[in-house]
Amino acid sequence: MVPMKSMKTAMKSSVMTASAAYSSVAETTGLKAKEVKAVVEGLVEVVAGELKKNGNFKLAGALNLKFKK
């Protein structure tokens, strides 16, 4: 059995951080990471507003969010 400490570090290493995701998208699109972050934050604001107003949000057929009470 693997020691608990080793399992925790192994699990953490496979998760992508937000800044790594911004950098990855920036490389793919040719934008700066700051610009990508601004776009994502703007999108989050729109999604939050729509969820409060309508209770659901769909993004390009790939993401369907529903507000649960």
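May I ask you to compute the full-extension gain from Ala48 to Ser23, defined as 0.36 nm times their residue separation minus their alpha-carbon distance, rounded to one decimal in nm? Display every interim value, and only then the final one.
Values: separation 25, 0.36 × 25 = 9.00 nm, distance 2.39 nm.
Extra length from Ala48 to Ser23 when fully extended: 6.6 nm.
With Cα atoms as the point set, the radius of gyration and Dmax of region 8-69 evaluate to 14.8, 41 Å. Positive contributions from Lys and Arg (+1) and negative ones from Asp and Glu (-1), summed over other residues with Cβ under 14 Å from the Cβ of Leu51, come out at +4.
Among 38-47, 58-67, sorting by the average number of other beta carbon atoms lying within 10 angstrom of each residue, highest first, gives 38-47, 58-67.
Bear in mind these aren't lab numbers, they're just calculated from the coordinates by the rules spelled out. Source: prediction; values computed, not measured. Note that we place each Cβ from the backbone using ideal geometry, even for glycine, and neighbour counts take in every protein chain shown.
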